[in-house]
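Novice: Handing you this structure, nothing more for now.
The values are calculated or read from the model by the stated rules, or taken from the named source; none is laboratory data. Keep in mind that this is a model prediction, so the values were computed, not measured. Please note: Cβ atoms are built from the backbone with ideal geometry, for glycine as well, and neighbour counts cover all protein chains shown. The protein model used for the area step is the full one, side chains on, heavy atoms only, and it has no ligands, DNA or RNA in it. Shrake-Rupley method; radii C 1.70, N 1.55, O 1.52, S 1.80 Å.
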Amino acid sequence: MTQLLHDFRYAVRSLAKARGFAAVAILTLAVALGANTAIFTLVNAILLRPLPYGNADRVIKAWSLDLKDGSKVGQLSYPNIVDLGKRMKSVEAISAYSGSGSFFMDGEEPELFEGTDIEAAGLPILGVKPALGRLFTAAEDRKGAENVLLISDELWHRRFNAQKNIIGRTLHLGTARKPWTVIGVMPPGFRFPADREKVDYYSPLGPTLSDQDRSERNSVWLDTIALMRKGTTVAAADKEAEFVSQQLAKQYPDSNTGVRFLMQSIHDAVVGDVQPALLTLFGAVAVVLLIGCANVANLLLARAAARHKEISIRSALGASRGTIVRQLLVESVLLALIAGACGLLLAAWGVDALVALAPHDIPRLDNVALDGRVLLFTFTLSILTGVIFGLAPALSASKTDLTEALKEGSRGSTEGRRRNRIRNVLVTVAVALSLVLLSGAGLLLRTFMGLVGIDPGFNYKNVAVLRVPARAAYKDDAQVADFHRRLHRELAAVPGAKSVGGVTVLPLSGGQLIYSFEIVGRPPFPRGEGPSITTSEVTPNFFQTMGIPLLRGRDIAPTDTLTSPGVVVVNEAFVKEFFPGENPIGRKLAIGNGDDIKENEIVGIAGNVKFLKLTEEPMPMFYLPVAQTVRRSVSYVIRADNPEALFPALRNAVRRLDRQQPILSLMTLEQMRGEMLAERKFTLVLLIGLAALALVLAAVGIYSIMSYTVTQRTSEIGIRMALGAEARDIFRLVVGQAVKLVGIGLVVGVIVAVLGTRLMGSLLYGVEPGDPITLAAICIVIAAVALIASWIPARRAARVDPLVAIRYT
């Protein structure tokens with residue numbers, strides 16, 4: 001320990017004498033370590049930190065897999081959930097839940113509270129206890145029970161000033177002002193589901209379930225969690241769920257044929273979608289750190305050359321090689337620790353910037369903060385970094401003898417081929433790593449450009465979207481339909497509104513409504529194999545407003561009401577799938593589930609749209625009239641030259657019709673599209689930034705090695721020029737050395753990039769990993785930057801005065 005303290009004091013004095021070297025090395029490493037700390041902070045909060053549930057390691061989520069097309073759905077029907085709970089021996093308890101929302105009516109203006117309706121068994125499955133009050137009971141989770149709810153800690157503080165007398169207080173929710181009794185406050189930091197941006201309250205699911213929901217296996221809209229028995233693995237639970245799926249398919253072929261239930265840990269269910277992007281970014285910052293290490297190692301090699309005579313004399317005076325290596329490693333680690341401290345300051349700023357830039361739908365984003373685990377990570381990484389970049393220079397510098405020192409220590413000499421080889425290898429590695437990072441960024445850029453260029457089948461420009469749920473005062477279907485009919489007229493009368501339409505589920509909004517059907521006049525589909533079709537319900541003028549072409553037949557009309565015959569508009573993909581080579585106009589579809597089946601005549605054919613994802617192939621779907629299906633919540637689309645300028649007038653139109661009618665949201669289609677692409681854009685921007693940093697570091701490494709080479713070969717250059725070499729010959733000599741190093745780095749980098757970018761497959765669209773066009777473009781960019789970086793040292797070498805250079809020897 002005494003010797004280490006002595007080495008530490010010596011390292012401080014040594015670095016203090018070389019302030020320029022220390023500043024450059026610390027700055028290089030601080031940027032790289034800061035980037036690693038910032039990204040690790042994201043990874044730690046989102047991927048590594050356990051969910052705030054007492055039973056987080058035993059909670060699993062159930063999914064449904066359609067074996068016919070491989071599509072995975074997060075929802076199940078209530079009867080299937082009940083059967084899973086009864087038949088799975090690996091499961092201790094199971095609970096259905098669903099997202100909900102209700103307006104709080106006790107304030108000056110209605111405020112939307114977002115909630116989770118969950119069965120009484122659900123919160124105990126998570127292992128959570130309220131901070132105040134109690135959980136609701138099984139008796140309160142039944143139809144006809146008193147309305148009770150638990151509120152979140154955040155809502156308690158934000159809306160009710162953390163009042164202790166909140167328990168027992170009555171809140172009026174919904175436009176019907178139903179009374180709800182607060183029975184508890186959840187603990188700080190608790191939110192379920194964890195991937196929702198906020199959850200204000202939790203209420204019993206039972207009272208919301210209809211008799212049809214409890215009996216109809218085709219009524220698929222509920223999410224499911226379960227608690228595994230102790231000692232059970234997720235894999236074992238999933239295997240058992242597969243077996244139960246087969247049992248239910250035999251017992252209920254009409255609804256369960258081709259359906260396979262999956263089990264996944266609750267953690268993976270929450271973060272699974274963002275995990276590939278975060279791990280890609282984490283890999284990218286690791287590459288940046290390696291490039292930074294290569295650059296600092298080169299600086300240390302140059303510094304060791306300047307200290308070569310000093311180190312050799314110390315060896316001659318009795319210092320062992322191990323002592324010298326230890327001393328030099330202490331200097332390296334000290335540099336890295338100082339850089340790590342500076343990196344933490346950069347990361348503190350960087351994390352705030354990352355959170356501000358990140359899309360709001362990234363799960364657990366509000367948990368992102370520097371904590372003890374992040375500090376330990378940065379400290380450990382700093383020490384490892386100091387060892388990594390310091391080991392090779394330390395070993396190289398310690399391998400000396402006095403004769404060599406006297407021979408190579410004189411002015412104008414080279415330091416030996418061995419150290420030149422190490423520096424060349426480090427530059428080559430930096431070039432190769434920067435190519436790998438740049439190729440990843442290039443592939444993501446091409447992916448993003450491809451996504452932006454996709455034609456969704458509708459015109460998203462200059463369209464406002466106003467989402468309005470008919471309030472509870474409109475009690476029956478006729479009143480709800482009349483409200484939406486009158487609101488449609490009010491919105492169409494707004495000055496500047498060119499066209500107005502309405503839809504229950506907007507394309508690319510993330511929602512989906514599914515109906516089963518039969519074709520009237522044809523034999524029924526084989527039992528259990530009937531298709532389920534994505535459906536949307538629309539008002540007149542929806543297709544015109546969205547720019548969806550009507551290819552044949554007519555649009556939904558104002559005369560298509562509750563009392564008129566049922567009609568339906570199908571899309572091109574539907575015709576291709578079910579009426580190939582036929583004209584379906586006039587044919588009828590029997591649409592619905594169970595006893596609720598209605599015949600609808602096909603009156604039109606619309607163009608295909610991308611409904612669930614931009615990257616999907618158009619799926620068969622049909623459109624029903626809103627007035628014939630009657631949905632409370634409708635999204636109105638309003639086309640205008642400047643849709644944002646119409647926002648105040650649109651709000652006034654709703655208030656004019658009904659002053660108590662709340663508005664769920666008001667935005668433009670372009671804003672919705674931006675939110676849909678936000679996560680990819682976030683990943684792309686960060687990766688491009690890291691790739692640019694890597695390129696700069698690689699360029700700095702090339703510049704430094706070329707500059708050092710010119711300095712070391714000054715006498716040789718002078719002799720060459722004295723013997724007749726011209727300036728352009730010297731220029732080519734220096735640039736040629738850089739080209740050789742960069743060329744080797746590019747070859748190695750291309751090989752690594754072809755293999756490494758395969759890990760990004762899930763993030764790419766329209767371009768393959770290892771794409772030759774992308775790699776060729778990146779190689780050209782790196783080669784150009786390398787030439788620029790070597791141009792200044794080469795130009796300086798070409799201007800060397802032979803007489804001065806010869807005297808330098």
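Novice: Treat every Asp and Glu Cβ in region 645-731 as -1 and every Lys and Arg Cβ as +1, leave all other atoms uncharged, and give the resulting dipole magnitude about the Cα centre to the nearest 20 debye. Numbers along the way, then the final one.
Specialist: Numbers: 10 positive and 7 negative charges, 121 e Å.
In total the dipole reaches around 580 debye.
Novice: Right, another one. Taking every DSSP beta bridge with both residues inside region 464-616, roughly what % is antiparallel (nearest 5)?
Specialist: Restricted to region 464-616, the bridges split so that about 75 percent are antiparallel.
Novice: Moving to a separate point now. Taking a quarter of the surface of the Cα convex hull of region 501-639, what do you get in nm²?
Specialist: On the way: hull surface 34.5 nm².
Its Cα hull, projected and averaged over all orientations, spans 8.6 nm².
Novice: Next question. Please give the Cα centre distance for region 642-713 versus region 20-94, rounded to the nearest Å.
Specialist: 24 Å
Novice: Near residue 565, within a Cβ-to-Cβ distance under 11 Å, what is the net charge of the other residues, with Lys and Arg +1 and Asp and Glu -1?
Specialist: That works out to -1.
Novice: Additional query: Mean shadow of region 34-114, computed from the convex hull of its alpha carbons, in nm²?
Specialist: That works out to 11.1 nm², a quarter of the Cα hull's surface.
Novice: Within region 8-160, how many Lys pairs that are eight or more residues apart, or on different chains, come under 29 Å at the alpha-carbon?
Specialist: 14
Novice: Still on this structure, I have one more. Relative contact order of the chain: what whole-number percent is it, with Cα pairs under 8 angstrom and at least 6 residues apart?
Specialist: Details: 1468 pairs, mean separation 127.9, N = 809.
16 percent.
Novice: Shape verdict for region 90-150, please, from the Cα gyration tensor: rounded (a/c under 1.5), prolate (a/b greater than b/c) or oblate.
Specialist: Prolate shape, in that a/c is at least 1.5 and a/b is the bigger ratio.
Novice: To continue, here is another question. For region 126-199 and region 474-553, what is the separation of their C-alpha centers, rounded to whole Å?
Specialist: 35 Å
Novice: In terms of modelled amide H atoms, which long-range or inter-chain residues lie less than 5 Å from the amide H of residue 499?
Specialist: Those lying under 5 Å, H to H, from residue 499 are 639.
Novice: Within 11 Å, Cβ to Cβ, of residue 754, how many net charges do the neighbouring residues add up to if Lys/Arg are +1 and Asp/Glu are -1? If you can, show how the numbers build up before the last one.
Specialist: Values: positive: 758; negative: 768, 771.
Neighbourhood net charge equals -1.
Novice: Work out the charge dipole of region 87-234 with +1 on the Cβ of Lys and Arg and -1 on the Cβ of Asp and Glu about the Cα centre, then indicate which of 231, 132, 181 is farthest towards its positive end.
Specialist: 231
Novice: Of all the C-alpha pairs in region 448-531, what % are more than 23 Å from each other? Don't skip to the end; give the middle numbers.
Specialist: On the way: 1836 of 3486 pairs.
Considering region 448-531, 53 percent of its Cα-Cα pairs are separated by more than 23 Å.
Novice: Quick check on region 21-167: take the gyration tensor over C-alpha atoms, sort the square-rooted eigenvalues as a ≥ b ≥ c, and tell me if it's rounded (a/c under 1.5), prolate or oblate.
Specialist: oblate
Novice: Here's a follow-up. Antiparallel versus total DSSP beta bridges in the chain: what percent is that, nearest 5?
Specialist: On the way: 72 of 91 bridges.
Antiparallel: roughly 80 percent of the beta bridges in the chain.
Novice: While we're on this one: Order the peptides 9-16, 148-155 from the highest to the lowest mean number of other Cβ atoms within 10 Å of their residues. Before the final figure, lay out each step's value.
Specialist: Numbers: 9-16: 13.9, 148-155: 22.4.
Peptide ranking by packing, descending: 148-155, 9-16.
Novice: State whether region 588-697 is rounded, prolate or oblate according to the following rule on the C-alpha gyration tensor (a ≥ b ≥ c being the square roots of its eigenvalues): a/c under 1.5 gives rounded; otherwise a/b larger than b/c gives prolate, and the remaining case gives oblate. Don't skip to the answer; put the middle values down first.
Specialist: Values: a/c = 2.96, a/b = 1.47, b/c = 2.01.
It comes out oblate by the Cα gyration axes.
Novice: While we're looking at this one, here's another question. Calculate log10 I(q)/I(0) of the chain for q = 0.10 Å⁻¹, where I(q) comes from the Debye formula with a single equal point scatterer on each Cα and nothing for solvent.
Specialist: Values returned for q = 0.10 Å⁻¹ are -1.12.
Novice: Round to a whole number: what % of the accessible area of region 470-573 belongs to carbon and sulfur, probe 1.4 Å?
Specialist: On the way: 2520 of 4690 Å².
Reported share for carbon and sulfur atoms: 54 percent.
Novice: Where both partners of a DSSP beta bridge lie in region 78-224, what percent of those bridges are antiparallel, to the nearest 5? Walk me through the intermediate numbers first.
Specialist: Details: 19 of 27 bridges.
So the antiparallel bridges in region 78-224 amount to around 70 percent.
Novice: For the chain, what is the accessible area per residue in Å² when the probe is 1.4 Å?
Specialist: Spelled out: the 1.4 Å probe surface of the chain, per residue, equals 45 Å².
Novice: Right, here's the next one. With a 1.4 Å probe and every protein chain left in place, tell me how much accessible area residue 170 has, in Å² to the nearest 10.
Specialist: For residue 170, solvent-accessible area is about 60 Å².
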